[in-house]
Amino acid sequence: MAGNREEAPDYGQGVVITDDWTGYDLSLFTYPQHYYGDLEYVLIPHGIIVDRIERLAKDIMKDIGCCDIMVLCVLKGGYKFCADLVEHLKNISRNSDCIFMKVDFIRLKSYRNDQSMDEMQIIGGDDLWTLAGKNVLIVEIGTGRTIKALLSSIEKYKPNMIKVASLLVKRTPRSDGFRPDSHMCDQ
């Protein structure tokens, strides 16, 4: 019915992949021939990823509102996720003059060779002092122990707001329980 549309419920948890999930049968998908014999199943289909990234963008815009955003992409793995998320953010804000988005790239280094270092290094990115007073969106692919150290480092520069968008929330014995502000999937 026109004019009587209900919003989908917001469960705030993303897609949950249970430990006993066997995935989708390969016969349901097309995939490059060089993967034949190497794959057993599809865990998360591309369409679900695209849809969830679009939903994350909507949630982020709802949370942040009409203000400028400094996006910090955590490399290397976060590049594609970040590019897709930024594209959706731009599409949502296209009709609005109030959003300026700048993207910068950083790498986190908490290991040297195979030894854990006492302090995490942030490699790359503009001078992090430029984050002072800004609304910062950190985009990464999987929450882990280093994200808390990154947040602690960035808070020193006194940004106006910090939000974390993650593609995955990993459930492993080594997980420290960190939950991003927005995420696509619990794995």
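The values are calculated or read from the model by the stated rules, or taken from the named source; none is laboratory data. The model shown is predicted, which means the values in this text are computed figures rather than measured ones. When we count neighbours, we look across all protein chains shown, and the Cβ atoms used for this are built from the backbone with ideal geometry, even at glycine. Accessible surface is based on the protein model in full, side chains and every heavy atom, while ligands, DNA and RNA are left aside. Shrake-Rupley method; radii C 1.70, N 1.55, O 1.52, S 1.80 Å.
Residues Gly65, Gly78: which one is more than 20 Å from Val16 (Cβ to Cβ), of a type outside the set (Asp, Glu) and touching an Asp or Glu at 6+ places or on another chain (Cβ under 9 Å)? Spell out how you get there, then give the answer.
Values: Gly65 fails: touching an Asp or Glu at 6+ places or on another chain (Cβ under 9 Å).
Just a single option satisfies the conditions, and that option is Gly78.
Enumerate the pairs (first residue in the range 127-156 and at negative phi; second residue anywhere and open to solvent by 20 Å² or more (accessible area, probe 1.4 Å) and basic (Lys, Arg)) with beta-carbon separation below 7 Å, excluding pairs fewer than 6 apart on the same chain, so at least 6 apart or on different chains.
Hits for this filter: Ala132/Lys158; Leu137/Lys163; Gly142/Lys170; Thr143/Lys170; Gly144/Lys170.
Can you pull out every residue in the range 31-49 that is open to solvent by 100 Å² or more (accessible area, probe 1.4 Å) and assigned to a loop (DSSP other than H, G, I, E, B)?
Tyr36, Asp38, Glu40, Tyr41
Take the residues in the range 10-25 that are open to solvent by less than 80 Å² (accessible area, probe 1.4 Å) and in a loop (DSSP other than H, G, I, E, B); name whichever of them is modelled with the lowest pLDDT.
Filtering first and then ranking leaves Gly12.
For the list (1) open to solvent by 70 Å² or more (accessible area, probe 1.4 Å); (2) aliphatic (A, V, I, L, M); (3) touching a residue at least 40 places away in the same chain (Cβ under 8 Å), I need the number of the one condition that Leu28 fails.
The failed condition is (3).
Just checking, how many residues over the range 86-128 are part of a loop (DSSP other than H, G, I, E, B), modelled with pLDDT under 70 and either open to solvent by 70 Å² or more (accessible area, probe 1.4 Å) or closer than 16 Å to Ile147 by Cβ (or both)?
3
For the range 129-136, check the following and say yes or no: at least one residue is part of a strand (DSSP E or B) and at pLDDT 70 or above.
Taking the range 129-136 and keeping what is part of a strand (DSSP E or B), we get 135-136.
Filter again for at pLDDT 70 or above, leaving 135-136.
The answer is yes, given that some residue of the range 129-136 is part of a strand (DSSP E or B) and at pLDDT 70 or above.
Check whether at least one residue in the range 164-185 is open to solvent by 70 Å² or more (accessible area, probe 1.4 Å), modelled with pLDDT of 85 or more and over 14 Å from the mean Cα position of the chain (by Cα), and report yes or no.
no
Are any of the residues in the range 149-158 open to solvent by 20 Å² or more (accessible area, probe 1.4 Å), closer than 27 Å to Glu54 by Cβ and at pLDDT below 65? Give the steps one after another, and end with the answer.
Applying the first criterion (open to solvent by 20 Å² or more (accessible area, probe 1.4 Å)) to the range 149-158 yields 149, 151-153, 155-158.
From the residues that got through so far, the ones that are closer than 27 Å to Glu54 by Cβ too are 151.
Remaining after also requiring at pLDDT below 65: none.
For the range 149-158, residues open to solvent by 20 Å² or more (accessible area, probe 1.4 Å), closer than 27 Å to Glu54 by Cβ and at pLDDT below 65: absent.
Do we find that Cys67 is in contact with a Cys (Cβ under 8 Å, 6 or more places away or on another chain), of a type in the set (A, V, I, L, M, F, W, C), open to solvent by less than 80 Å² (accessible area, probe 1.4 Å) and over 17 Å from Gly142 (Cα atoms) in this structure?
Details: in contact with a Cys (Cβ under 8 Å, 6 or more places away or on another chain): yes; of a type in the set (A, V, I, L, M, F, W, C): yes; open to solvent by less than 80 Å² (accessible area, probe 1.4 Å): yes; over 17 Å from Gly142 (Cα atoms): yes.
Yes; evaluated as a whole, the condition is true for this residue.
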